[in-house]
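Here is the structure we will look at.
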Amino acid sequence: MIYQGKQKIWSDYQKEIPDNHWFYVRSCIRQSFFPASEHYFLKICRDLLDRDIYESAHHTTCGGIAYHCDTIPQETAMTIVARQFALMTEAGYENLVTSCITSFGNYTEILETWREFPELEARVREHLWKSCRREFRKPVYLAHASDLVYKLRDEIAARARFSLVDKETGEPLKIVEHIGCHYSKMFPHKGVGGAEYPCVLSGMAEAWGGKVIDYPERRHCCGFGFRQYLVKANRGYSMSNTYKKFESMEPYHPDVIITNCPGCPFFLDRWQYVISEQEGKTYGPDGHGIPVLTYEELAGLVLGFDPWDLGLQVHQVGPEPLLDKMGIPYDPSAKYNGLDRKKLMTPGLPAVLKCC
Amino acid sequence: MEKKVLYLLNMGKLFDELSKDYRFKEGFKTCINCGTCTAICPAAEFYKYDPRKILDIVQRKDDDEILALLKSETIWYCGECMSCMTRCPRKNAAGLVIMALRNLSAKLGYFTCSEKGRQLYPLTKVLTGNILKLGYCVHPDTYKYEDHPESGPVFKWVLDNKEEVYGRLGANYGRQGTGALRVIPKEDLDELQAIFDETGATERIDFVEKCSEQKAREMGMTMEEYGKYTFEHCSRGHFNDE
Ligand code: SF4
Ligand code: SF4
């Protein structure tokens, strides 16, 4: 497509996202902390919106977290990713969609580095052949799963049973969107809206009836910091960054936070719990926190799926105030059920943070 | 290790070594010392860390100063968020330069000279262990609640009821096939091991372990004590307000 004038300027912030036929790679963190999000991403795209998304049983971690904790050499990380490309090629796909933002950043960085230094790509091809006897074509399109949901946002809106509107007042809900750093801070042209105007999440929130809040620390990191969270001795870094964000957004009274990185919702949720235990402070009304959702969970709620099937019970901050505002029915007694409605012992309760 | 140190003494060109790293090639152009990276950096706000200074030291190409960096605490403070990469007016990426410095520090064994650098031992053990044994970087089977009390009572509940909770949430925990938390087949784990052997990761893991064993001996600790200590202990002096 040829863009002119203002359209040309804004074309830097657009991203072409193919409509169909994707090879899907999962996220270690999303699988561990929000497994239902991946399940519902596939359910929504495949079953509801009839898209072809393929998963290979043979794909593995991309190694991104080990790479950003400096525990494996760059060529190791590249060869693991090259193997994923080989699985994609063998399955007959050319569009790759990642569940994880660290993976998305990792894949993007690798493709960009190879573009600049073709000799390195050649070396990695050799490594892959020697170690796995595999060959690959590079993906034609690389997207994060939130790009795809962004692309499908209007189709989701057309099927919505609930919207991001306070059913009592009729006012749009106030949404904080938090974009994972590795989505577009490294290579702005690879994300929808770039690093300056990322609209991948705000586009969804607005299409589903919400109003996005702008606040001073909107683009500040959640504080994962890889080794800064994973090593117990360093976690003050991680919590301090989350604290800074919450103090900054507090005056705007957000109803919900949505995120596209699998790690961010975990940290923004759990550090609220820790801040409440340590400081006695909570950021939502009446001792509640601000619910932090993945974009898949938000899409699922809008579409009318059961909140407990979507996995909202595995967040430490209770989602009930949000569900009540949106007018979504739920069965409190089923919240902590296991498989086939089996009753399980319920989790312990935090000392300060109200969870239901 | 001795061989590596000798090689280094003969060569005396740490800057040249750094320059071979593709992250360095990508992340280091010319720094005009504007301080934008430091202003935006989440690590600089809390830690005694200044990416501007690091870029400046590196561009002076002084081996003694670079050697001091490789042995320092400061190169381990960065969170690799890459916020700096967006903003630098000269298209530097302090985060990528840090990755190259850390890689060289690990490669030459200097990481054991600093408290934060020594954390490479527990990180390597857990993360590369997870990749090679399970095919994941992070997995609930090796994520212990005792090490992660911040994950809250709700995650303790998840871990205590893994089959039930993951089963209900549509995961394929502990089974073959596709799906979240599936068991990654042995043949795929073998390929990961072959990639590690081919690309230098196996050698790196062994070297990090050897250097750490030596340091543990110097500190009078068993490896178990050393692993726990490096994972948990935080001395005073790392933060801006200390
Ligand atoms: S922002 Fe770029 S030019 Fe400015 S101090 Fe940092 S690295 Fe140097
Ligand atoms: S990558 Fe490191 S140096 Fe750059 S902004 Fe993030 S923490 Fe600071």
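The values are calculated or read from the model by the stated rules, or taken from the named source; none is laboratory data. Since the model is a prediction, treat every value here as computed from it, not as a measurement. No Cβ is skipped: glycine too gets one built from the backbone with ideal geometry, and neighbour counts run over all protein chains shown.
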* Asked: Is it true that some residue in region A:275-283 is among the basic types (Lys, Arg), assigned to a loop (DSSP other than H, G, I, E, B), farther than 21 Å from A:GLU177 by Cβ and more than 13 Å from chain B (Cβ to nearest Cβ)?
  -> yes
* Report the residue count in region B:180-195 for those that are closer than 28 Å to A:PHE305 by Cβ and at the interface with another protein chain (Cβ under 8 Å from one of its Cβ atoms). => 3
* **Selection status of B:ILE205, hydrophobic (A, V, I, L, M, F, W, C) and within 7 Å of chain A (Cβ to nearest Cβ)** => no
* Would you mind stating whether A:LYS325 is modelled with pLDDT of 95 or more, among the basic types (Lys, Arg), assigned to a loop (DSSP other than H, G, I, E, B) and surrounded by fewer than 24 Cβ atoms within 10 Å (Cβ to Cβ)? => no
* **Of residues in region A:233-286 being among the β-branched types (Val, Ile, Thr) and within 19 Å of the chain's Cα centre (by Cα), the one farthest from B:CYS81 (Cα to Cα)** => A:VAL256
* **Tally, over region B:48-66, of residues that are near ligand 2 (Cβ under 9 Å from one of its atoms) and among the hydrophobic types (A, V, I, L, M, F, W, C)** => 1
* Matching residues, region A:37-63, being within 20 Å of B:THR142 (Cα to Cα) and either within 7 Å of chain B (Cβ to nearest Cβ) or free of Cβ contacts under 8 Å to residues at least 12 places away in the same chain (or both) -> A:THR60, A:THR61, A:GLY63
* Hey, could you check region B:141-170 for residues that are surrounded by fewer than 21 Cβ atoms within 10 Å (Cβ to Cβ) and touching a Ser or Thr at 6+ places or on another chain (Cβ under 9 Å) and say which is farthest from A:HIS68 (Cα to Cα)? => B:TRP157
* **Selected residue (criterion: surrounded by the fewest Cβ atoms within 10 Å (Cβ to Cβ)) from residues of region B:121-140 that are under 15 Å from A:ALA233 (Cβ atoms) and at the interface with chain A (Cβ under 7 Å from one of its Cβ atoms)** => B:LEU123
* Would you pick out the residues in region A:92-118 that are assigned to a strand (DSSP E or B) and either within 11 Å of A:GLY180 (Cβ to Cβ) or among the hydroxyl-bearing types (Ser, Thr, Tyr) (or both)? -> A:THR98
* Would you please list the contacts, defined by Cβ atoms under 7 Å and residues six or more apart or on different chains, that run from a residue in region B:85-97 that is touching a residue at least 60 places away in the same chain (Cβ under 8 Å) to a residue that is within 8 Å of ligand 1 (Cβ to nearest atom) and assigned to a helix (DSSP H, G or I)? => B:ASN92/B:LEU55; B:ALA93/B:CYS84; B:ALA94/B:CYS37; B:ALA94/B:PRO51; B:ALA94/B:LEU55; B:ALA94/B:CYS84; B:GLY95/B:CYS84; B:VAL97/B:LEU55
* Among the numbered criteria (1) within 16 Å of ligand 2 (Cβ to nearest atom); (2) surrounded by 23 or more Cβ atoms within 10 Å (Cβ to Cβ); (3) in a helix (DSSP H, G or I); (4) at the interface with chain A (Cβ under 8 Å from one of its Cβ atoms), which single criterion is violated by B:GLU45? -> (2)
* **Filter result for B:LEU70 (away from ligand 1 (no atom under 16 Å from the Cβ), more than 11 Å from chain A (Cβ to nearest Cβ) and crowded, with 23+ Cβ neighbours inside 10 Å)** => yes
* Out of all the residues in region B:50-63, is one or more closer than 21 Å to A:CYS69 by Cβ, without any contact (Cβ under 8 Å) to a residue 24 or more places away in the chain and within 13 Å of ligand 1 (Cβ to nearest atom)? -> no
* Pairs under 6 Å by beta carbon, first residue without any contact (Cβ under 8 Å) to a residue 40 or more places away in the chain in region A:331-344, partner buried (at least 16 other Cβ atoms within 10 Å of the Cβ) and of a type in the set (Lys, Arg), six or more apart or different chains? -> A:GLY338/B:ARG168; A:LEU339/B:ARG168
* Asked: What pairs come up if the first residue lies in region A:13-28 and is surrounded by fewer than 14 Cβ atoms within 10 Å (Cβ to Cβ), the second is not acidic (Asp, Glu), and their beta carbons are under 8 Å apart, counting only those six or more places apart or on different chains?
  -> A:GLU16/A:TYR141; A:ASP19/A:ARG51; A:ASP19/A:LYS151; A:ASN20/A:ARG51
* Go through region B:73-109 and count every residue that is within 22 Å of B:ALA216 (Cβ to Cβ), away from ligand 1 (no atom under 16 Å from the Cβ) and within 13 Å of chain A (Cβ to nearest Cβ). => 6
* **Complete set of residues in region A:266-311 that are touching an Asp or Glu at 6+ places or on another chain (Cβ under 6 Å) and either of a type outside the set (A, V, I, L, M, F, W, C) or buried (at least 24 other Cβ atoms within 10 Å of the Cβ) (or both)** => A:ARG270, A:TYR283, A:VAL292, A:LEU310
* **Residue check, A:LEU48 assigned by TED's automatic domain parsing to the domain that holds A:PHE23 and within 30 Å of A:GLU206 (Cα to Cα)** => yes
* Structure fact -> Filter region A:201-229 for residues that are surrounded by fewer than 24 Cβ atoms within 10 Å (Cβ to Cβ) and hydrophobic (A, V, I, L, M, F, W, C); the one that is farthest from B:GLU80 (Cα to Cα) is A:ALA207
* **One residue from B:LEU104, B:LEU123, B:LEU108 being away from ligand 2 (no atom under 16 Å from the Cβ), of a type outside the set (Gly, Ala, Ser), closer than 26 Å to B:GLU26 by Cα and free of Cβ contacts under 8 Å to residues at least 24 places away in the same chain** => B:LEU123
* Asked: In this structure, is A:GLY209 touching a Pro at 6+ places or on another chain (Cβ under 7 Å), on the phi > 0 side of the Ramachandran plot, away from ligand 2 (no atom under 16 Å from the Cβ) and modelled with pLDDT of 95 or more?
  -> yes
